[in-house]
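Report on the following structure.
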Amino acid sequence: MTKTNESVTYQGGCHCGAIRFQVVVDKHEGLECNCSICRKKGFLHLIVPPAQFELLKGADCLSTYTFNTGTARHTFCRVCGIHPFYRPRSHPDAYDVNIRCLDGDLLSRFEIEFFDGAHWEANVEKIRQ
């Protein structure tokens, strides 16, 4: 397993290519959450500040799903249905990129920790910074 903590720029997107983005990663650390939506989507979380995320194309192909408090803005491609990134409830001013939607086989570069999102209220402070 190769892990790095130097800043690296990656690109990624949805399955059909309608949505493309670029993200600068300072820390190769992600989260695997067991809440209902993350389990079903298979989302691996990489939370970055807005300055480190750029939507390159596809704003017109994004749809948004909200539930519960309506704070999280779950975006997905309306063409292929993939969820490459969203605005999370835990960090509403940041972007949460799905590590699985980065181009190439990059998962081995990331340290993935478990987050008990099924009990979100009791655990959210563990991931807020």
Against the condition within 13 Å of the chain's Cα centre (by Cα), over 21 Å from Ala18 (Cα atoms) and of a type in the set (Gly, Ala, Ser), how does Ala122 come out, does it pass?
no
Give just the number: which of (1) part of a strand (DSSP E or B); (2) among the hydroxyl-bearing types (Ser, Thr, Tyr); (3) surrounded by 15 or more Cβ atoms within 10 Å (Cβ to Cβ) does Ser63 not satisfy?
(3)
What tally of residues in the range 44-101 results from selecting those that are in contact with a helix residue (DSSP H, G or I) (Cβ under 8 Å, 6 or more places away or on another chain), charged (D, E, K, R) and closer than 15 Å to Ala18 by Cα?
1
Taking only the range 79-121 into account, find how many residues are part of a loop (DSSP other than H, G, I, E, B), touching a Cys at 6+ places or on another chain (Cβ under 9 Å) and surrounded by fewer than 13 Cβ atoms within 10 Å (Cβ to Cβ).
1
Taking Cys33, is it farther than 21 Å from Arg128 by Cα and of a type outside the set (Val, Ile, Thr)?
no
Taking first residues from the range 2-22 that are under 11 Å from Arg109 (Cα atoms) and at pLDDT below 95 and second residues anywhere that are crowded, with 17+ Cβ neighbours inside 10 Å and of a type outside the set (Ser, Thr, Tyr), the pairs with Cβ under 8 Å that are 6 or more apart or on different chains are Thr2/Arg109; Lys3/His28; Lys3/Arg109; Lys3/Phe110; Thr4/His28; Thr4/Arg109; Asn5/His28
Looking at this structure, is Thr75 crowded, with 17+ Cβ neighbours inside 10 Å, among the β-branched types (Val, Ile, Thr) and not in a loop (DSSP other than H, G, I, E, B)?
yes
When you scan the range 23-53, how many residues do you find that are closer than 23 Å to Arg78 by Cβ and in contact with a Leu (Cβ under 6 Å, 6 or more places away or on another chain)?
1
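Let's see how each residue does on (1) under 15 Å from Cys101 (Cβ atoms); (2) surrounded by 13 or more Cβ atoms within 10 Å (Cβ to Cβ):
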residue: Glu6; (1), (2): no, no
residue: Gly13; (1), (2): yes, yes
residue: Arg20; (1), (2): yes, yes
residue: His28; (1), (2): no, yes
With surrounded by fewer than 17 Cβ atoms within 10 Å (Cβ to Cβ), of a type outside the set (S, T, N, Q), touching a strand residue (DSSP E or B) at 6+ places or on another chain (Cβ under 8 Å) and within 21 Å of Glu113 (Cβ to Cβ) as the only criterion, which of Ile37, Ile47 stands out?
Ile37
With criteria (1) in contact with a helix residue (DSSP H, G or I) (Cβ under 6 Å, 6 or more places away or on another chain); (2) farther than 23 Å from Ser7 by Cβ; (3) modelled with pLDDT of 95 or more, Cys33 comes up short on (3)
Just to be sure, is His83 farther than 17 Å from Arg128 by Cα and modelled with pLDDT under 95?
no
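The values are calculated or read from the model by the stated rules, or taken from the named source; none is laboratory data. Here the structure is a predicted model, which means the values were calculated and not measured. Please note: Cβ atoms are built from the backbone with ideal geometry, for glycine as well, and neighbour counts cover all protein chains shown.
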